[in-house]
Structures are given as structure tokens and as C-alpha cells.
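Enquirer: Sending over a structure as C-alpha cells; questions will come in a sec.
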Amino acid sequence: MSEFVIIGFGAAGEAAAKRLKELSPDSKVSVISDEKDHFYYRLRLCEYISGKIDGKALFVDDAIYLKKGIDIFRNRAVKVQEGNVITEDGTVHRFDALLISTGGIPNRMRIPGSGLSGVYTLRFFQEAKEIRKNLGSCSKAVVVGGGILGMDIAEALHSAGKSVTMLVREKTLGFPLLTPENAKKREIAMKSNGIDIHFEEELAQINGKTQIESLTTSKGNNIEADMVIVAIGVRPNVDFLNGGIVNMHRGILINPKFQTNIPSIFAAGDVIELAQESSDPIYHKGTWGQAYNQGRIAAENMLTFTGGKI
Ligand SMILES: Cc1cc2nc3c(=O)[nH]c(=O)nc-3n(C[C@H](O)[C@H](O)[C@H](O)COP(=O)(O)OP(=O)(O)OC[C@H]3O[C@@H](n4cnc5c(N)ncnc54)[C@H](O)[C@@H]3O)c2cc1C
């Protein structure tokens, strides 16, 4: 009986755990998650913030995975060795094949005032919960970043009845993913809803004593605000692997089989970079669907690596 361990219970980790159990019901599949909540649809966090959905639509109960024979350990993986993962509580999880699917972590701004209360990023349910809890005392919100996530957050806050300003470094929304035509359409729609968009303007300073009161922008404008959500991209969540056995660039370097330099260790989702022989590694800018599919394929490769059949 093979033993599989998966670090991270997001899109890639969940898909891999289910696929392994589907293909090899007798094998031992353990998932290690550093989030205290049940598995949830991260891409629905904005709907949760706006109040369109509640926790029921977001979460999948652990019981569903336990019934499939998937064990869930709520702890943080702190060390990866050949054949073992060690979690913060000192538990050693033995594996024949390991999947690292620890996703991304939001970039933060190192500017004066960034530690004040009312400044958020959005990646995890606990952040969404905190934002939703504090919406009651917020009337003016500022979203920093004009990417897909920044736009979704701005619309969620607007539909929750807040006055919303966006600070966008670029000249258009959704750069570089949206075509100029689609970016313009989205801009017109958002502006007609009353969202104030400042292009080519960045956040320079956050002002207040303990709680945010206003912001100063790179153009010297002062904007009143009681909440700021910073959505300026994510980086691969790999800090716990630093100095370890897995080769990394920005993310974990993998070959086309989602395998790292250690043959028994695989990686998938927002945490990976595809190693190239003749050029820089390619960073896979994450989507839910990509992470999910990569998790499934990585699971199949993990199974065949351990001698199992698909
Ligand atoms: C608000 C929001 C909206 C989005 N909307 C969309 C959308 O509309 N469409 C779309 O395609 N994508 C969307 N995305 C992106 C999508 O959610 C991600 O691309 C996807 O979740 C990546 O999956 P993953 O499995 O690689 O990582 P994640 O889903 O981030 O899961 C990684 C998990 O690993 C855990 N972890 C990290 N380190 C450790 C450790 N050391 N030990 C144990 N556990 C650890 C993390 O806590 C996390 O639970 C959105 C993201 C956000 C935040």
C-alpha cells in the first residue's frame, strides 16, 4: 500500500487527494493544511464579502473527504525531507510520493502605515471573514491594484454599499490579461456604478493613529478611507522550503510531469514554475481551473511513480 502526502488543501491539493483515492482506494492519502477552516472555494471569497453567499456555499465539510478515506491534518508543514514531511507540532508524515500545493501568498506594501488596523489583503477565508466583519464600521474603502482580483474586490465592496476608490498603477484595468476593449468596457461599467478609479496613481502612505483614517497617493492626493484592501499580486508560498532539498527559483521548479529535482516530490498549482533548459523558468500565473487540473495530473504521475496503475 503506497503512502501519499499532500501539503496544501486548495484547488490543486483537493483535486489530487480525490484523484489518488479514485484511482487507488487502498492507498493512504494524507492532506496537511495550515488553514483551520474546512476546504472552501477560494474564488468565491468576494461573493462572501459582499454578502451574496454565506459559509454554506463556500465550504465543503471534512466529512465528505473522510468518507472517501482522505485524512486531513490541520497543521503547518515546516520541513520536507526525502520520504518525510514534518509539521509544526513535530509530527513526521512518511510518504512514498509527496505533492506540494501550497499556492500563493499576497504581496504586501512596505510603506508607512501599512501595519494600521483596517489594512487587508485577500487570499484566505480568515482574511475575508475579518473584512466582512469590519464592513459594518466602514463607509469608504480603497482598493489598491487594478488586476482581476482588485476589480472583483472593488465590485464586492460596492455591492455591499461602500463608497469605493481604486488606485491603479497602470493606464488600464486588468492589465495585461484584458484586451484594451474589454478593459474599457469594464472601466465604463464600474465608473457608471460610482466606483472612482485613479489610473497611474499608487498608494504612498497610510495615515492614522491605530486605525486607518486616510491615504496619501503617489500624486500627493489625500483620500479619506476606513478600509484598504491591497491586491497587488501573489508570490509562490515557498518560504518553508528555503534551504531545503527542493530546487526553487521564484516558485518550485518542476518538469512537465510536475516532478521536482527529487523524483518522489511533485508540485502543482500557484506554487510552481516550469523549469526550461535554455531559458528562464516559466511562472504559471494561477487560476483555479489550472491548479485543479494540475493537481489531478500530478496525482496520476505520483501513482505511476510508486508503481500503481491508472
Ligand atoms: C479572492 C480570490 C478570487 C479568485 N478568483 C478567481 C477566479 O475567478 N477564477 C480563477 O480561475 N481563479 C481565481 N482565483 C485564483 C485561484 O483561487 C487560485 O489560482 C487557486 O486557488 C490556486 O490553487 P492552489 O491549490 O495552487 O493554491 P491555494 O488554493 O492557495 O491553496 C494552497 C493551500 O496551501 C496552504 N498552505 C500553504 N503553505 C502551507 C504549509 N506550509 N503547510 C500546510 N498548508 C499550507 C494554504 O493555506 C492554502 O490553503 C482567485 C483567488 C482569490 C484569492
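Enquirer: Just the residues that are more than 14 Å from ALA225 (Cα to Cα) and in contact with a Leu (Cβ under 9 Å, 6 or more places away or on another chain), please, taken from region 154-181.
Expert: Result: ALA156, ALA160, GLY161, THR172.
Enquirer: Within region 256-284, which residues are polar (S, T, N, Q), more than 22 Å from ARG76 (Cβ to Cβ) and within 22 Å of the chain's Cα centre (by Cα)?
Expert: Within region 256-284, the first condition is being polar (S, T, N, Q), and the residues that meet it are 259-261, 264, 276, 278-279.
Narrowing further to those that are more than 22 Å from ARG76 (Cβ to Cβ): 259, 261, 276, 278-279.
Correct list: GLN259 only.
Enquirer: Let me ask you something else. Of all residues in region 135-162, count the ones that are within 15 Å of the ligand (Cβ to nearest atom), closer than 15 Å to GLU47 by Cβ and assigned to a helix (DSSP H, G or I).
Expert: The total comes to 10.
Enquirer: Quick one: would you say GLN294 is within 14 Å of the ligand (Cβ to nearest atom), of a type outside the set (A, V, I, L, M) and crowded, with 18+ Cβ neighbours inside 10 Å?
Expert: Numbers: within 14 Å of the ligand (Cβ to nearest atom): yes; of a type outside the set (A, V, I, L, M): yes; crowded, with 18+ Cβ neighbours inside 10 Å: yes.
When the stated conditions are applied, GLN294 passes them.
Enquirer: In region 100-113, is there at least one residue being near the ligand (Cβ under 10 Å from one of its atoms), surrounded by fewer than 17 Cβ atoms within 10 Å (Cβ to Cβ), at pLDDT 95 or above and part of a strand (DSSP E or B)? Write out each step before concluding.
Expert: First pass over region 100-113, keeping only residues near the ligand (Cβ under 10 Å from one of its atoms): 100-106.
Subset that is surrounded by fewer than 17 Cβ atoms within 10 Å (Cβ to Cβ): none.
The answer is no; no qualifying residue exists.
Enquirer: Oh, and also: Name the single residue, out of those in region 241-268 being over 22 Å from MET302 (Cα atoms) and within 16 Å of the ligand (Cβ to nearest atom), that is surrounded by the most Cβ atoms within 10 Å (Cβ to Cβ). If you could, list the steps in order and put the result at the bottom.
Expert: So in region 241-268, the residues over 22 Å from MET302 (Cα atoms) come out as 242-243, 249-250.
Subsequent filtering for residues that are within 16 Å of the ligand (Cβ to nearest atom) retains 242-243, 250.
Working: ASN242: 8, GLY243: 5, ARG250: 14.
If we take residues in region 241-268 being over 22 Å from MET302 (Cα atoms) and within 16 Å of the ligand (Cβ to nearest atom), then ARG250 is surrounded by the most Cβ atoms within 10 Å (Cβ to Cβ).
The values are calculated or read from the model by the stated rules, or taken from the named source; none is laboratory data. If you're wondering where the values come from, they're calculated on a predicted model, not measured in any experiment. All Cβ positions, glycine included, derive from the backbone under ideal geometry; neighbour counts span all protein chains shown.
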